[in-house]
């Protein structure tokens with residue numbers, strides 16, 4: 001028995017048909033009641049706000065019905081990469097992430113001072129979702 005790739009049979013992303021693109025794309029998957037599942041990647045290259053100041057990032061998706069997943073990485077100024085949301089053993093370094101139909105909201109803890117190695121930038125945000 002031969003199984004088809006999970007994301008379809010064509011596309012430039014190796015064995016699947018879904019690419020990390022900043023354009024909305026149909027993943028070839030469906031949700032529980034047959035709704036089409038979409039994917040979009042958002043790049044945010046500016047520094048995140050320091051301390052507990054929230055950064056708002058527009059995702060540009062119209063008609064979002066259900067957020068299914070979000071994969072987010074951020075680069076730290078010392079070269080480290082973090083998966084967000086980030087839970088640290090030092091509570092001041094936690095990073096909260098939440099979403100709505102228009103934006104992504106990222107709020108760092110008090111330990112992120114936006115100086116030295118505490119600067120966060122270059123977010124890569126990949127969302128999967130359904131639409132109305």
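Among the residues of segment 30-89, the ones that are at positive phi and out of contact with any strand residue (DSSP E or B) (no Cβ under 6 Å at 6 or more places or on another chain) come to 4 in all. Take the residues of segment 58-104 that are in contact with a helix residue (DSSP H, G or I) (Cβ under 9 Å, 6 or more places away or on another chain) and outside any loop (DSSP other than H, G, I, E, B): which is nearest to residue 36 (Cα to Cα)? Among them, the one singled out is 86. Residues in segment 31-56 that are under 18 Å from residue 109 (Cα atoms) and buried (at least 18 other Cβ atoms within 10 Å of the Cβ): 48, 55. Checking each residue in segment 90-132 for being in contact with a strand residue (DSSP E or B) (Cβ under 8 Å, 6 or more places away or on another chain) and free of Cβ contacts under 8 Å to residues at least 24 places away in the same chain picks out 93, 94, 96, 98.
Read the figures in this text as sums done on the coordinates, not as results from a lab. Predicted model only: the values in this text are computed from it and were never measured. Please note: Cβ atoms are built from the backbone with ideal geometry, for glycine as well, and neighbour counts cover all protein chains shown.
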